[in-house]
Amino acid sequence: MSKNKLPLDSPKIGVFVCQCGSNISSVIDVEDLTRFSKTLPNVAFAENMNYPCDRNGQQKIVEAIKRYRLNRVIVAGCSPRLYEPTFQSCISKADLNPWLFEMANIREAVSWCHKDTPLEAADKAKDILRMAVAKARLLEPLEPINLSINKNVMVIGGGIAGINTSLDLANMGYKVFVVEKTESIGGKMAQLDKTFPTLDCSICIEGPKMVDVGRHKNIEIISFADILKVDGNVGNFKVTIRRNPRYIIAKNCTGCGECRDACPIEYPNTWDMNMGVRKAISVPFDQAVPLVYTINKDHCIECYKCVDACGARNAIDFDQKSEEIEVKVGAIVVSIGYEMHDPVDMDEYGYGKYDNVVTAMELERLLLAAGPTGGKTVRASDGHKPHSIAFIQCVGSRDINKYEYCSGFCCMYTLKHAVMLKEKYKDDIVLHVFYTDMRSNFKGYEEFFNRAQKSGIKFIRVKLENRFITEDSTTKNLTVHAETEDGKPVQQEVEMVVLANAAVPTSKTAELAKMLNIPLSKGGFFAECQPKIRPMDTDVPGVFVAGACHGLIDIPYSVSQGSGAAAEAAAVLSKSSWTIEPIIAKVNEDLCSGCKVCTSVCGYNAINIEKIDDKEAARVTVGLCRGCGICGAACPTGAITMPNYTDKQMIAQVRAALGEKN
Amino acid sequence: MPMKHFKEESIDKLTISQILYTKQYGLTVDRNLCKGCVVCKLVCPREAITLVSIPKGSSDRIPPPSVDIDENKCDFHAICAVTCPFGAIQVTVNNEAKLPTVEKDAYPTLIRDIQIDSERCQPDCKICEDKCPLNAISIHFETLTNEEKVARKEKNLPATSKKTVIDVNKKICAACRLCEAFCPEKVIKVTKFFDGSIKINQKLCPQGCHNCIDVCPVDALYLDNNRVHVNDMFCIYCGACSNVCPKPQALELSRTSIRHTPIKSGTWNKTLEKLTSTSGLNKELGAKRVDKIKTLVKSLNLPR
Ligand SMILES: Cc1cc2nc3c(=O)[nH]c(=O)nc-3n(C[C@H](O)[C@H](O)[C@H](O)COP(=O)(O)OP(=O)(O)OC[C@H]3O[C@@H](n4cnc5c(N)ncnc54)[C@H](O)[C@@H]3O)c2cc1C
Ligand code: SF4
Ligand code: SF4
Ligand code: SF4
Ligand code: SF4
């Protein structure tokens, strides 16, 4: 911690004007600005230099502080977003408190935007500098705030992304809570038959990882559960979770399935895209993790045949209630994936109207040997294997009236489906892919496209608009109508149509974003803090995103993001404490009337009215407050101040801006 | 193809279906067999069935109510089909008749007990066929073989040239005992599957109303001196009458027991709760408990 050894009561300000190569000096006369600085009250020293931010420049600042016993420093240069932390640590090397630093932005705010009017630019630069000096005179030394860090971590969503995050963190030694909405972890990958471009069996490569998660001593899976509330902040989150009743005592259930065999009741299995059925007591698929059965009380007739079958294992409990639990963690990784848009609302494709129009995920279940047809690709209308199939790309995606974005993985999974069908049925099947652009831009993908083209699959490039499907009501065959790029109509009769329907954010994305205080991006997926250089960070410290929940990405990319988010979370968890800037709201409890105005304006749930010594007063949750200051502005009694953004300091700046003499 | 639910209705039948990619479930209510008793509504665990009252219109007779089934709620497990006294409901899976709950021993079937000693029938008699209100009996005659003639003689039965062959459609026989009552030779013995009591509260029953008589499927009610009376012998306690009775408590009906194949099933206990009076329920559950204790004691092999 830097000690302030210099007397603060009489400000001695040093001003360092940056030339920034020619970025500033080509528009503003920096010599003149330096001379001007010296005329301002309490400025004890001023100079200009090429790059104050480089090592040389920083060294000069440190020396000047020491030589002239400066106790406030102003750099007139770029935006504080870029170099404020650099200069703060620079002045602390001269034993000056880092918050006795002020930055005057004369680059983004002056030289860059007013380069054609240098005279006015010079005046504006002087105004800005005068304001900075006015504030610097009143700066107070502050101390950073340190938060403790809980070493546990939560992963919300147990798809392939969340699985990788969990395993990585658990292997690093952190205790991981995986909260999964459905009965089993695995996500969409566990629903797939094979994966592009290598065509390896999806569950064969994901299954062992799922089992590892289930068995890892550092991982606890909280499945069939909903997140209800997230409180707290980085280092100390408190998550309230509802565990929904399975009506099965998990520790007694051996996963034998004898109850399922005894149960008389069947209902459509959403895991199988409602193409097949499951029993009222069952698991959605055989490789489920945890392998604990669930009774669906909506369908169960309470015959208790399962209870008899279960016998001495005694795993069935019809009185089980939902249970609310609280889990405390230091960091959270969100990996809740995506959902598929239901194309029934897009009349032109006839989904729901024509029997032989299916979605890509439905085809995936048809291809799968463990699927509802035992791996037979058949038509719904007659149960026969089709001799021709058309694939329609971008159904709902890349459509400004629907989902403007590209769903990312559809081109590749269509290639996968087409290659699998072609290699299986050879000349007994004709495949037509109606596409607009083929997006095959990762390792091995373009080569896979070539393999598809060489195998005799027909690729027809058509416009995204004016595509529709009609049905022959007797043969139940379908005709695809489309237009080539040069406007020529094309028509193709086929026996089955597969739609590459859009992938969309899960229905809970917005709700969860609200609980976590993280924004959504256009399209409704989670927004990352900086998509390029901080792709897994969110605006909330300690909350990270991974996988398809913040943009549609395929399995390899989701896996790497899962590991990336694990590393990011570990960077938080491994710290002994988490340091935040002391610029957060401060409440003067004597002035606070408990009117709650602040709580209604705070966008981060950071301020609440609590009983403090027999009095209702506002209290700030340190880790949540972002120091935006809105509560301070709204408070009618002036009870809330923001350190170094006090009324006195702000008014002094306003006065300076208006040219008033101090 | 998304999962589909359909409903089709005609005067003769109501059909609902659930079509999945690989499986098709169907349920049909034969409107000619349905008597509007709504036993099915009472037992359906999904609450998918509703009673539809049909207005009297210009005719003097009130038609029996009918049922509607919500195709989005039905799970096609055939509990209604098994309990319908008149066998009006059929469930199919992939177009084959199925009783999933019965097959898995999760639900019993009603015992439609009708014993006919047709060897003792009068030659050419078809009275039972004529009297059956549900058309559950069909009769034809076959020439006797010599061996059969000898056999009859040995049994001291009167000599005849033809034998009577009686087919009872056990799916739809409601065991009302009308055939038994009218049989001149007393060769038929029927045991009801529902037992109970029915009472007309003459003080509350308004004169001139004969709704219950109109709908009774088995002629268990009759008018005498402009008053409704019950013939307890024939009543099968289906409850169709109480659904059309306009005055509360004018007609009191309760079921005390149900004859069914042996079963151990929570669903059946619910059915008992819904169909029978508490005394009936306690009787059956009590008997089961005694049975349970008996088997337990047996299995413990205690010294006497
Ligand atoms: C038809 C089709 C075929 C595909 N084929 C391939 C392929 O061959 N190769 C390939 O690389 N990619 C393929 N993909 C893409 C692949 O599915 C995704 O890349 C991958 O599933 C993304 O993983 P994820 O973990 O981010 O999300 P998901 O797999 O969606 O997993 C998210 C998990 O979070 C859970 N969850 C959701 N909401 C909540 C909540 N509120 N709380 C708690 N848990 C929640 C879900 O239940 C699920 O378990 C295909 C996609 C489709 C549609
Ligand atoms: S009690 Fe429910 S879950 Fe158990 S066997 Fe009967 S219907 Fe199935
Ligand atoms: S400064 Fe902003 S974040 Fe902090 S308490 Fe006030 S309104 Fe909330
Ligand atoms: S139970 Fe009664 S109402 Fe239901 S179908 Fe049978 S006869 Fe009709
Ligand atoms: S009198 Fe008996 S048989 Fe007739 S409708 Fe009423 S309950 Fe049914």
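The values are calculated or read from the model by the stated rules, or taken from the named source; none is laboratory data. Given the structure is predicted, the values throughout are model-derived calculations rather than measurements. Positions of Cβ are generated from backbone atoms using ideal geometry, with glycine treated the same way; all protein chains shown enter the neighbour counts. The area values use the complete protein model at the heavy-atom level, side chains included, leaving out ligands, DNA and RNA. Shrake-Rupley method; radii C 1.70, N 1.55, O 1.52, S 1.80 Å.
Which whole-number percent gives the relative contact order of chain A, counting Cα pairs below 8 Å spaced six or more residues apart? Don't skip to the end; give the middle numbers.
Numbers: 1400 pairs, mean separation 87.7, N = 662.
It rounds to 13 percent for chain A.
Under 16 Å Cα-Cα from A:K93, which lysines qualify once same-chain neighbours fewer than 8 residues away are excluded?
The reachable lysines, counting only those whose Cα sits under 16 Å from A:K93, are A:K3, A:K5, A:K60, A:K66.
If you average the C-alpha positions of segment A:602-654 and of segment A:512-565 separately, how far apart do those two centres end up, in angstrom?
Cα centroid to Cα centroid, the span is 30 Å.
Excluding residues on the same chain fewer than 8 positions from B:K294, give the lysines whose Cα lies under 23 Å from its Cα.
Answer for B:K294, where 23 Å is the Cα cut-off: A:K305, B:K264, B:K283, listed by chain and number.
Step through the table entries A:K422/A:K488; A:K385/B:K170; A:K229/A:K586, compare each Cα-Cα distance with 32 Å, and write down the pairs that go over it. List each step's numbers first, then the result.
Details: A:K422/A:K488 28 Å; A:K385/B:K170 42 Å; A:K229/A:K586 26 Å.
A:K385/B:K170, as the Cα separations exceed 32 Å there.
Which whole number gives the average count of other chain Cβ atoms within 10 Å of the Cβ atoms across peptide A:296-304?
Partner Cβ neighbours, averaged per residue: 6.
Give, rounded to the nearest 20 debye, the magnitude of the charge dipole that segment B:4-103 has about its Cα centre when Lys and Arg contribute +1 at Cβ and Asp and Glu contribute -1 at Cβ. It would help to have the intermediate numbers written out before the result.
Numbers: 12 positive and 12 negative charges, 22 e Å.
Here the size comes out at about 100 debye.
How would you rank A:368-376, A:417-425, A:189-197, highest first, on the average number of other Cβ atoms within 10 Å across their residues? Write out the running numbers ahead of the final one.
On the way: A:368-376: 16.4, A:417-425: 18.8, A:189-197: 21.8.
Top to bottom by mean Cβ count within 10 Å: A:189-197, A:417-425, A:368-376.
Around A:S388, with a cut-off of 9 angstrom between Cβ atoms, what is the net charge of the other residues, counting Lys and Arg +1 and Asp and Glu -1? Please list the in-between numbers first.
Values: positive: none; negative: A:E493, A:E495.
Spelling it out: positives minus negatives among the neighbours equals -2.
Beyond 29 Å between alpha-carbons counts as too far, so tell me which of A:K328/A:K514; A:K575/A:K615; A:K181/A:K353; A:K181/A:K476 fall in that bin. All intermediate terms of the calculation are to be shown ahead of the outcome.
Values: A:K328/A:K514 19 Å; A:K575/A:K615 37 Å; A:K181/A:K353 31 Å; A:K181/A:K476 38 Å.
Cα-Cα > 29 Å for A:K575/A:K615; A:K181/A:K353; A:K181/A:K476; rest within.
Starting with the highest mean, order A:261-267, A:602-608, B:136-142, A:158-164 by the number of other Cβ atoms within 10 Å, averaged over the residues of each peptide. Write out the running numbers ahead of the final one.
Values: A:261-267: 21.4, A:602-608: 18.3, B:136-142: 16.3, A:158-164: 29.4.
Sorting A:261-267, A:602-608, B:136-142, A:158-164 by mean packing, highest first, produces A:158-164, A:261-267, A:602-608, B:136-142.
Near the amide H of A:K194, under 5 Å away, which other amide H atoms are found, from residues 5 or more places off or on another chain, if H is placed in the peptide plane?
Hits under the 5 Å cutoff: A:S202.
Starting from the Cα-Cα distance between A:N252 and A:L520, subtract it from 0.36 nm times their residue separation and give me the gain in nm to one decimal.
Working: separation 268, 0.36 × 268 = 96.48 nm, distance 4.14 nm.
Going from the current span to full extension adds 92.3 nm.
Beyond 23 Å, what percent of the Cα pairs of segment B:4-103 remain? Spell out each step's value before the answer.
Numbers: 1089 of 4950 pairs.
In whole percent, the long-distance tail amounts to 22.
Per residue of B:15-23, what is the mean number of Cβ atoms on other protein chains within 10 angstrom of that residue's Cβ? Don't skip to the answer; put the middle values down first.
On the way: counts 0, 0, 0, 4, 2, 11, 18, 14, 6.
That average works out to 6.
Note down the magnitude of the dipole of segment B:194-289 about its Cα centre, charges +1 on Lys and Arg C-beta and -1 on Asp and Glu C-beta and zero elsewhere, to the nearest 20 debye.
On the way: 12 positive and 8 negative charges, 105 e Å.
About 500 debye.
What value, in deg cm²/dmol to 500, does the helix sum -39500 (n - 2.57) over DSSP H runs of n ≥ 4 give at 222 nm once divided by the residues of the protein assembly as shown?
-7500 deg cm²/dmol
Measure of size requested: the Rg and Dmax of segment B:57-214, with Cα atoms as the atom set and Å as the unit; please supply both.
Expressed in Å, the Cα Rg and Dmax of segment B:57-214 come to 20.9, 63.
Dividing the convex hull volume of the Cα atoms of segment B:113-190 by its residue count, what figure in Å³ per residue is obtained?
Hull volume over Cα atoms, normalised by residue count, gives 87 Å³.
Leaving out same-chain residues fewer than 8 places away, which lysines sit with a Cα under 21 Å from that of A:K532?
A:K443, A:K522
Counting Lys +1, Arg +1, Asp -1, Glu -1, what net charge surrounds A:G157 among other residues with beta carbon under 13 Å of its beta carbon? Mind showing how you got there, number by number?
Numbers: positive: A:K181, A:K188, A:K508; negative: A:E180, A:D226, A:E339.
Taking every other residue near A:G157 into account, the sum is 0.
For the protein assembly as shown, give the percent of accessible area contributed by carbon and sulfur heavy atoms, probe 1.4 Å, rounded to a whole number. It would help to have the intermediate numbers written out before the result.
On the way: 22870 of 45230 Å².
Percent of accessible area from carbon and sulfur atoms in the protein assembly as shown: 51.
Ranked highest first by average number of other Cβ atoms within 10 Å, how do A:559-572, A:321-334, A:518-531 line up?
Values: A:559-572: 21.2, A:321-334: 19.3, A:518-531: 16.1.
Answer by packing, highest mean first, reads A:559-572, A:321-334, A:518-531.
Restricting to lysines 8 or more places apart or on different chains, can you count the pairs in segment B:4-103 with Cα atoms under 18 Å from each other?
Summing the qualifying lysine pairs gives 11.
Given B:V82, B:N32, B:S58, which one lies farthest toward the positive end of the charge dipole of segment B:4-103, if we put +1 on the Cβ of every Lys and Arg and -1 on the Cβ of every Asp and Glu?
My answer, from the dipole projection, is B:S58.
Counting only complete DSSP H runs, which helices of chain A cover 18 Å or more along their long axis at the Cα atoms and score a mean Kyte-Doolittle of -0.5 or above?
A:118-136, A:202-215, A:410-425, A:555-573
Rounded to the nearest angstrom and ordered from largest down, what semi-axes does the equivalent ellipsoid of the protein assembly as shown get from its C-alpha gyration tensor (root of 5λ)?
So the three semi-axes of the protein assembly as shown are 79, 35, 27 Å.
Lys and Arg at +1, Asp and Glu at -1: add these up for the other residues within a Cβ distance under 12 Å of B:H140 and post the number. Let's see the in-between values first.
Details: positive: B:K126, B:K162, B:K163; negative: B:D124, B:E129, B:E142, B:D167.
Taking every other residue near B:H140 into account, the sum is -1.
Peptide B:264-277: average number of partner chain Cβ atoms within 10 Å per residue? Write out the running numbers ahead of the final one.
Working: counts 4, 7, 8, 8, 3, 3, 3, 1, 0, 0, 0, 0, 0, 0.
Across the residues of B:264-277, the mean count of other-chain Cβ atoms within 10 Å is 3.
Quote the charge dipole size of segment B:113-190 about the Cα centre in Debye, to the nearest 20; the model charges only the Cβ of Lys and Arg (+1) and of Asp and Glu (-1). List each step's numbers first, then the result.
On the way: 14 positive and 13 negative charges, 23 e Å.
The calculated dipole for segment B:113-190 is roughly 120 debye.
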